[in-house]
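Since every read-out is calculated from the coordinates, none of them should be taken as a lab result. What you see is a predicted model, and the numbers here were worked out from it, not measured in a lab. Note: ideal-geometry Cβ built from the backbone for every residue, glycine included; neighbour counts use all protein chains shown.
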Amino acid sequence: MRNQYKFIFLGCFFLAMPAFAGTTNEIDRCVAAINSIKSYDVTFTIEHLSYPNCNNLAKPDAPVVAATDTNRDVLAVGLGRRIERGVGNNETHTIGIIDWNTATTNGRPLAKALTFVLPGLTYYDYLNPPSGNFFLSDLLSDKHFNVTPLESDSSNSVPAGFQIGSSLSTGFIRMWPDPKYGYLPSKVEWYHEVKDGQVSLLYRMQVEKYIQGNDGTWIPAKAILTSIMPTGAAKGREVTGFSMTVDVAHSSWNSVTSDELFFAKSLPTVNSDQDGWKYYYSPPLLSSIKAAEAIRSPEHFELMRGIVLGVMVAITFLFIILLVMRRRKPHEQYSR
């Protein structure tokens with residue numbers, strides 16, 4: 001990661017001190033804004049987006065709504081998390097719960113332990129999005145990651161951005177906190193090395209609307225997360241995505257004080273359990289879920305490994321027989 005400040009003279013160092021101070025201040029405010037939301041219970045609609053003209057450069061890369069779901073995400077620091085998909089749909093309703101003690105003691109990074117669905121399908125993906133083993137606020141606070149300011153145009157109204165990276169990673173993240181909304185992240189972009197040292201944009205999250213809670217806290221109310229074509233002629237064009245809109249009338253922030261939503265007794269029934277999460281799946285979904293779990297189970301893996309090894313042994317044995325027969329045939333012809 002290149003440091004944008006190179007100092008040769010001592011005077012240059014002192015001139016640059018305010019820039020670093022400002023950077024630290026803005027990052028600290030961003031982390032504080034994220035962490036000020038200790039809990040939430042948010043119901044929201046998710047539009048599944050596709051971009052049919054992604055590879056047709058002659059046409060605008062406009063999205064088409066392929067499906068719409070209503071989801072619910074409940075998170076309380078120190079208590080647990082609850083994720084519901086397909087709220088109000090008896091065919092697809094799914095609930096997953098995990099209590100905080102289980103999430104923090106199962107040996108997995110918290111950013112992974114607290115989720116089980118694709119990025120873009122939960123509310124936290126638009127507030128404090130996960131990146132591998134870390135949430136965004138963790139990356140901004142961890143001294144192992146470098147946070148450097150991006151060049152900004154003073155004539156542009158876009159907030160100043162920052163780049164987050166590490167010498168151990170081939171990619172980086174860019175983030176723009178917006179001072180008008182308490183320094184919450186207004187845009188986050190994920191970059192990764194795709195080939196031959198070339199780094200390309202892979203994903204972009206953009207908050208389109210904020211609202212202010214009763215305590216004055218700014219909150220994302222509408223946002224979009226899109227995947228970006230990383231290579232080829234259509235590089236940089238959007239491919240798929242999710243659009244999230246909060247149902248404000250059925251949502252609350254910093255209001256969850258009980259852990260009752262994060263234990264099994266809050267579910268209609270527990271019909272699956274994995275990685276510390278307990279799940280309820282609607283009956284139409286349950287059979288397919290069980291089939292998928294069987295494929296991932298250790299017993300199924302051992303069975304498949306046994307079958308594969310058996311086939312390999314049989315093929316080897318057949319090859320030896322054919323080899324012996326080929327070696328014997330010239331001898332038989334010569335003896336005649």
Tell me, Phe162, Phe263, Phe44 in order of fewest to most beta-carbon neighbours within 10 Å?
-> Phe263, Phe162, Phe44
Backbone N under 20 Å from the Ser50 label point (7 Å along Cα→Cβ), restricted to segment 65-85 | 65-70
Proximal lysines to Lys290, defined as alpha-carbon separation beneath 24 angstrom and excluding residues fewer than eight positions away on the same chain = Lys112, Lys265, Lys278
Would you mind ranking Glu91, Glu189 so that the residue whose beta carbon has the fewest other beta carbons within 10 Å leads the list?
-> Glu91, Glu189
With Tyr183 itself left out, Lys, Arg at +1 and Asp, Glu at -1 over residues whose Cβ is under 11 Å from its Cβ give -1
Pop out the ³J(HN,Hα) list for segment 182-191 in order, Karplus 6.51 cos²θ - 1.76 cosθ + 1.60 with θ = phi - 60°, rounded to Hz; leave Gly and Pro as x.
-> x, 6, 5, x, 8, 8, 9, 10, 10, 10
What is the spin-label model distance, in nm, from Leu110 to Asn35 if the labels are put 7 Å beyond Cα along the C-beta direction?
-> 1.0
When each pair of different Cα atoms in segment 159-218 is counted once in the 1/r mean, what is the Kirkwood radius in angstroms, to one decimal?
-> 13.0
Calculate the translational D of segment 14-284 in whole µm² s⁻¹ from Stokes-Einstein, where the hydrodynamic radius comes from the Kirkwood formula applied to all Cα pairs, the temperature is 37 °C and the viscosity 0.692 mPa s.
-> 165
Using θ = phi - 60° and the Karplus form 6.51 cos²θ - 1.76 cosθ + 1.60, what ³J(HN,Hα) does each residue of segment 78-93 get, whole Hz, x for Gly and Pro?
-> x, 10, x, 9, 9, 10, 10, 10, x, 4, x, 10, 5, 7, 10, 4
Just rank Lys235, Lys278, fewest to most, by other beta-carbon atoms within 10 angstrom.
-> Lys235, Lys278
Relative frequency of Cα-Cα separations exceeding 20 Å in segment 13-170, percent | 64
For segment 128-135, Karplus-derived ³J(HN,Hα) couplings (6.51, -1.76, 1.60; θ = phi - 60°; whole Hz; x for glycine and proline) come out as 9, x, x, 9, x, 8, 10, 7
